[in-house]
Amino acid sequence: MVATPPGDELFAHFIRLRPEDISYVKFIFESYEVVGFLRTIDPQAAIIVVLIVADFAAEGEAILRSLEREIAIERVPGPERLGDDWLVATIWQPEGDA
């Protein structure tokens, strides 16, 4: 699935994974500092968005592919409802809302 560009500076990758893997993925992306960061969209369904900085799109995609070899990750379309996350709501709009 192709990443959704929320703007000129970030690419949004929506992912479903096991709830216990959210902190692991967060740790991995935080360890790379400037590549990207994630937000939890739905903790019960374990849907997160990984926001990758455009200048590091290739590196961020490589990290995601590496994680897909380690843990169960399903790339999903961005949900219509983004929960209460003000940051994601500010930078990303579902297709058709732009």
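Among the residues making up region 25-39, those that are over 21 Å from Ala72 (Cβ atoms) and either touching a Phe, Trp or Tyr at 6+ places or on another chain (Cβ under 6 Å) or buried (at least 17 other Cβ atoms within 10 Å of the Cβ) (or both) are Val35, Phe37.
With respect to Val53, is the statement that it is in contact (Cβ under 8 Å) with a residue 12 or more places away in the chain and in contact with a helix residue (DSSP H, G or I) (Cβ under 6 Å, 6 or more places away or on another chain) true? It is false that Val53 is in contact (Cβ under 8 Å) with a residue 12 or more places away in the chain and in contact with a helix residue (DSSP H, G or I) (Cβ under 6 Å, 6 or more places away or on another chain). What number of residues in region 1-24 are surrounded by fewer than 17 Cβ atoms within 10 Å (Cβ to Cβ) and at pLDDT below 90? Counting residues in region 1-24 that are surrounded by fewer than 17 Cβ atoms within 10 Å (Cβ to Cβ) and at pLDDT below 90 gives 6. Scan region 43-62 for residues that are buried (at least 17 other Cβ atoms within 10 Å of the Cβ) and farther than 14 Å from Ala12 by Cα and jot them down. Ala46 - this is the single residue of region 43-62 that is buried (at least 17 other Cβ atoms within 10 Å of the Cβ) and farther than 14 Å from Ala12 by Cα.
The values are calculated or read from the model by the stated rules, or taken from the named source; none is laboratory data. The shown structure was predicted, so the numbers you read here are calculated from the model rather than taken from an experiment. Neighbour counts are summed over all protein chains in view; Cβ atoms, including those assigned to glycine, are modelled from backbone coordinates with ideal geometry.
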